[in-house]
């Protein structure tokens, strides 16, 4: 009898935790998703809200991480609760649950037991990294080159939250090193290299008009006819790309357009 009562009590607690996560997710999505606002005033308010703090999605993730810290929810409760919350929200709108597929994964990541207490610091570090790289040459901007936006640096599977999932924390310098490794592991496109060389040749030709040095002329002659096939011969050997850090059971395959749809709905 005691054992049976204990089992039901545990199930009730689990159900309550999932329902709490579901309610928090639905409330956040309902509060911030104003893409279907009917009036110009509402649209202006949406734009203003998006520009505050760490952006609409960033503010949602910070709020949900705080909820998860307070509730001390398990990873399974978060997975189930976020799924239920997104479904409960989209059931009352014109959006499909798959539209929020990417953002749903980000919510789960931000609320994960290994990540949630670090989320405010993660967004702050992402901003600090982008500020540190702002006025540098492109070669010295690994995080800006790889992640494009502060938000992506914070939330991606190979970004700060993905690193936190495995127990890793970062400084500006160490996250830049992570970004360099990601960039170095990517296959190089010799056609893109050829386009860059064409631009460089035009610059050299302009310089040569004013400073007709023989060495500059030699550089132009060497570079102007390089083909992608010739460049490919010089491609350096690369290490295999790192495996994704996030390992969730039964992770859904997100359509390629899901991220774009999320950005349109919730702001950039």
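A few remarks follow.
- Cross-chain or 6+ apart pairs with Cβ under 7 Å, the stretch 178-192 first and farther than 22 Å from residue 164 by Cα, then at pLDDT 85 or above and surrounded by 13 or more Cβ atoms within 10 Å (Cβ to Cβ): none
Residues checked against (1) within 30 Å of residue 196 (Cα to Cα); (2) under 16 Å from the mean Cα position of the chain (by Cα):
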| site | (1), (2) |
| --- | --- |
| 127 | yes, yes |
| 130 | yes, yes |
| 135 | yes, no |
| 143 | yes, yes |
| 167 | no, no |
| 173 | yes, no |
| 177 | yes, no |
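- Subset of the stretch 127-152 (residues that are touching a helix residue (DSSP H, G or I) at 6+ places or on another chain (Cβ under 7 Å), outside any loop (DSSP other than H, G, I, E, B), surrounded by 13 or more Cβ atoms within 10 Å (Cβ to Cβ) and without any contact (Cβ under 8 Å) to a residue 60 or more places away in the chain): 128, 129, 130, 132, 133, 142, 143, 144, 145, 146, 147
The values are calculated or read from the model by the stated rules, or taken from the named source; none is laboratory data. Keep in mind it's a predicted model, so treat the numbers as computed, not measured. Cβ sites come from the backbone with ideal geometry, for glycine too, and all protein chains shown count toward neighbours.
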